[in-house]
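Okay, structure first, notes after.
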Amino acid sequence: MSTGPAGFVGLLRAVALSAVVCVAAMLTMLVIASFSPKSEFGAWTLANYADLWNLRGLWPALGRTFMVGVGTTVFLLCFALPFTWILSRTSFAWKGLLLTLLTVSLAIPAFVTAMAYVWLFNPNSGIGNRLLEATFGWSSFFNVYSTGWICFIQALMLTPAAVFMMLPSFRNFDSTLEEAAAVSGLGARKTFLRIILPTLAPAVGATAIFFFILAVEIFDVVGVIGMPGNIEVVTTMVYQTTYTVYGPPDYGFAATLGMPLLALCAAGVLIYLWLLRRADRYAMLSGKNRAPILRDLGRWQVPAWLLIGFWALLAVIIPFLTVLWTSLTPYLQPPSREALSQLSLSSYRGVAGLIWSPLLNTLMLVAGTIALSVVWSVSVSWLATRVRAVPDKAIDAIVFLSLAVPGMLAAVAMQFLALTAYQWVPLLGTLWLIVLTMAVRSLAFTTRTLNSSALQIHASLEEAAYVSGVSRTRTFVRVFLPVIRPAILFAVLVTTLISARELTIPLMLYSPNTSVISTTIFDLQATGRYDEAAVFSLLMIAILLVIALLSRRRTVPAE
Amino acid sequence: MARGGDHEGLLSASKLAVSYGRRKDSPNAVRHLDLDVREGEMFVLLGPSGCGKTTLLRAVAGLQKPNAGSIAIDGRRVYDAAAATDVPPERRPVAMVFQSYALWPHMSVFENIAFPLREGGRGAPRGEVDARVSEVIDMLSLSAMRDRAVTTLSGGQQQRVALARALALRPRLLLMDEPLSNLDYELQVRLRGQVRELVSRIGVTTLYVTHNQNEALEMADRLAVMDAGNIRQIGTPRELYHRPNSEFVARFIGDMNLFPARITGVAGAAVRLDTPFGAIRADVNCLPAAEVGDTCLFGIRQEDIEIVDADGENVIGATVERAIFSGDSISYRLASGGEELQARLHRRHDVSAGSAVRLHLRPEHCLAVPLDPGSGGRA
């Protein structure tokens with residue numbers, strides 16, 4: 001489809017180009033910042049890199065960052081693989097319950113879970129530790145301030161996303177491949193090891209790499225556990241460089257610090273794309289897939305229940321109860337007769353006055369991010385799947401590159417950009433800077449979602465409108481948008497969920513007037529106002545729960 | 001059918017070339033061909049998959065941009081490479097039925113038909129939309145499903161909605177891209193007649209693409225056989241069936257036996273051929289110019305071969321190698337003169353494998369066909 005009035009294509013290209021400009025500006029600014037002294041634009045220097053080289057603790061932090069990525073991914077697969085298998089390939093009777101648990105857990109942001117575990121298992125005053133001491137006499141049994149706990153909590157929180165990511169390829173697995181192996185005389189074990197595993201390996205590998213990238217870049221857990229526990233990883237070092245107690249923030253050095261992380265993520269993205277292409281090739285091999293054979297769990301029923309129970313307890317029930325308990329008690333204390341007598345709603349009353357500004361800001365942040373992200377990604381996807389000329393493919397590729405930039409570095413780059421361009425574009429310290437950064441960050445996901453949906457819909461639907469005399473604009477509005485509406489809706493729901501929970505970017509960019517719920521919780525926690533942090537967390541969980549349940553129908557297509 | 005004094009047909013393409021890739025040296029899907037479709041006729045493009053017939057149709061619709069040549073519809077230039085004219089599809093006086101039907105899944109039957117009328121540049125005045133939709137809905141017996149979602153319809157019903165949507169626009173030119181190929185065989189055969197009848201009753205000029213030769217022969221007023229981006233022959237179904245102008249067309253249409261031959265004599269329309277079976281008289285000479293000593297192909301259709309008792313002109317001896325009984329007819333594989341012949345005979349000629357028979361190749365059914373360059377006379 002190469003014909004058509006240039007006007008409409010031009011309009012969409014202009015919209016898509018503005019996204020490209022933002023992505024390109026973000027990447028360029030990150031590089032420029034790393035060569036700038038302090039936060040001064042354009043005074044080229046290599047000092048930051050020299051400082052980085054001489055920085056004590058850089059190599060241990062890099063090693064630990066890598067370990068956090070690997071550890072999180074390993075723990076994650078221990079949960080996500082069995083769950084995906086149970087949901088897609090077995091006749092387990094309680095799949096609905098498992099899906100609901102996974103969806104509900106999306107409503108608890110990772111930093112809230114991390115907070116809950118700090119309240120439970122910090123070595124000095126953790127509720128859980130004190131309970132264990134009172135009951136069994138074990139003092140300071142758990143120490144949450146460890147790399148292992150960081151990995152474990154991240155894995156707990158990333159499990160649902162990993163399951164939802166792997167589920168389609170597990171479900172689409174052509175079971176005639178298994179049947180062919182069976183009728184060719186291969187046993188069940190051999191079939192699993194030699195047929196099923198190699199076929200699914202690229203999809204599982206791609207998921208593992210994707211979550212490795214996520215695990216090294218998210219700040220939620222390392223921010224809450226790592227910083228007070230003096231466990232340094234790259235993201236905490238970047239954060240502390242921009243939030244110094246003495247002197248102004250050093251965005252130049254922060255960008256330089258982030259370069260190894262950027263390299264790690266970029267390499268991860270390349271491996272991810274390579275694996276994804278392999279997975280696609282396998283998927284295309286079989287034309288008509290039959291529904292997978294659902295196997296009886298048999299004697300694996302008990303281990304399945306144990307694993308689900310273990311995960312649900314640690315990822316959903318314990319964090320939620322801890323937050324609820326903390327919100328009702330004036331200071332951290334284990335449940336006791338005395339504590340019960342002190343239960344009160346006083347922290348709720350205390351929070352009531354603080355709530356409106358963060359709530360309103362969060363709503364505006366979410367709405368703005370979605371609006372920008374959808375307008376951009378719809379334009380990019382239409383161009384990339386319908387016009388498909390060289391510039392359109394380039395736009396699509398550049399937009400996807402944003403995936404390789406960790407959220408924290410995106411924030412550093414945008415902050416540096418806003419500082420530099422302050423005289424011309426007054427974005428510094430506004431909510432719009434946060435919105436812009438979040439929208440750019442969301443593009444990789446939203447364009448992928450819309451692209452795959454648009455590719456499945458044959459272009460003849462739109463061509464039929466053109467040959468019946470309907471203009472480009474009308475066809476776009478009346479045919480293309482309605483037909484990919486389910487994908488748009490899905491992208492909107494996921495973006496809502498992600499942007500409402502997002503801590504990293506707002507935390508890096510907010511000013512006193514633009515604090516959102518997540519940053520408020522983080523600050524309350526950091527200043528020891530645990531009960532108020534807990535009340536805000538409950539509010540956030542309530543909002544997210546509604547969105548998560550709304551999206552359940554769409555994240556998990558019916559069987 | 002052509003209007004008096006009109007030299008150009010309703011659709012004419014000249015020196016049209018379309019390539020797939022974007023680079024200059026990409027292979028051409030359509031290679032500098034000329035086409036002329038007369039007003040009111042059903043013109044079929046027939047060819048094997050990949051021959052460029054759909055590409056040609058899409059170029060006429062404006063969905064694919066050609067590289068060279070020109071296209072005029074109803075006397076108006078819609079594409080001209082030299083003048084850099086390229087009218088977008090929404091402003092060409094056409095309507096199109098897609099192979100996939102391309103019904104808009106979020107609209108009902110009524111809305112699918114009404115949408116182009118309401119929103120399109122070639123639509124109807126507001127007050128007339130309902131009447132126009134009702135007209136085609138009645139015409140295609142869709143009134144019972146008028147408000148149903150198109151996704152709930154069967155393939156045959158969807159096909160009718162697609163046709164109704166196209167006809168409601170009252171196009172000057174109707175384009176149909178393998179509209180029946182997604183239906184099961186029985187329905188296909190039934191709909192061929194219905195579509196043919198409907199289109200000729202309305203009198204709309206139609207360009208119809210198919211790879212199915214039976215469909216093409218049954219539906220066409222005239223058809224063009226395409227091969228590798230070129231049109232090999234244009235004519236009525238009878239002309240193409242009886243007088244193929246090339247080996248390709250002879251092989252593509254019908255079940256033709258073809259053998260290498262040499263011309264030994266020319267007598268008016270008839271030629272004498274030296275064939276693997278000996279001397280044969282062929283009354284149907286499809287060669288542009290026949291000279292004694294030229295090589296060509298000798299062709300006879302499977303259903304034109306007869307089994308006889310007596311010797312005579314054009315009677316050859318053969319052995320039955322295999323006989324396949326298929327009810328109304330029997331298919332034979334026969335060996336003669338070191339060659340293999342296929343014949344399809346009425347079931348009254350029931351001969352078992354291994355028997356020796358005499359075959360009568362009637363001169364009026366024997367063709368002298370030009371060789372395609374490079375084929376060597378073999379499939």
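Values quoted throughout were computed directly from the atomic coordinates according to the rules given, and no laboratory measurement underlies them. No experiment lies behind these values; they were computed from the predicted model shown. Cβ atoms come from the backbone with ideal geometry, glycine included; neighbour counts cover every protein chain shown.
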Neighbour-count ranking for A:ARG448, A:ARG441 (other C-beta within 10 angstrom, fewest to most) reads A:ARG448, A:ARG441
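Explain nothing, just the number: relative contact order of the range A:43-344, from Cα pairs under 8 Å at least 6 residues apart, as a whole percent.
For the range A:43-344, the relative contact order is 29 percent.
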Across B:166-177, the residue-averaged tally of Cβ atoms belonging to other chains within 10 Å stands at 1
Hull surface over four for the Cα convex hull of the range B:257-369, reported in nm², is 6.6 nm²
Final fewest-first order of A:ARG171, B:ARG172, B:ARG165 on the 10 Å Cβ neighbour count is A:ARG171, B:ARG172, B:ARG165
Per its Cα gyration tensor (rounded if a/c is under 1.5, else prolate when a/b beats b/c, else oblate), chain A is best filed as oblate
The aspartates and glutamates whose Cα lies under 15 Å from the Cα of A:LYS38, excluding any fewer than 8 residues away in the same chain, are A:ASP51, A:ASP250
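Counting other beta carbons within 10 Å of each Cβ, put A:ASP51, B:ASP255 in order, fewest first.
By the 10 Å Cβ count, ascending, the order reads B:ASP255, A:ASP51.
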Here the FRET efficiency for B:ALA335 versus A:ARG278, based on Cβ atoms and R0 = 51 Å and rounded to 0.05, is 0.45
In Å, the Kirkwood estimate of hydrodynamic radius for the protein assembly as shown over Cα pairs equals 33.4 Å
Rounded to a whole number, the mean other protein chain Cβ count within 10 angstrom for residues of A:468-480 is 6
Length-normalised contact order of the range B:11-242, Cα under 8 Å, at least 6 apart, in percent, tallies to 28 percent
Of A:106-115, B:293-302, A:123-132, ordering from highest average Cβ density within 10 Å down gives A:106-115, B:293-302, A:123-132
Expressed as a whole-number percentage, the relative contact order of chain A with C-alpha contacts under 8 angstrom and at least six residues apart is 23 percent
At the level of C-alpha centres, the distance separating the range B:83-156 and the range A:125-190, in angstrom, is 53 Å
Counting Lys and Arg as +1 and Asp and Glu as -1 over every other residue whose Cβ sits under 9 Å from the Cβ of B:ASP255, the net charge comes to +1
Residues other than B:ARG222 with Cβ under 13 Å of its Cβ, Lys/Arg counted +1 and Asp/Glu -1, net out at -3
Within the under-13-Å Cβ sphere about A:HIS458, not counting A:HIS458, Lys/Arg +1 and Asp/Glu -1 give a net charge of -2
Expressed as a whole number, the average count of other chain Cβ atoms within 10 Å around the Cβ atoms of A:454-466 is 6
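So what's the back-of-envelope 222 nm ellipticity for the protein assembly as shown, counting only DSSP H runs of four-plus at -39500 (n - 2.57) apiece and dividing by all residues, rounded to 500?
Calculated from helices alone, the mean residue ellipticity at 222 nm is -16000 deg cm²/dmol.
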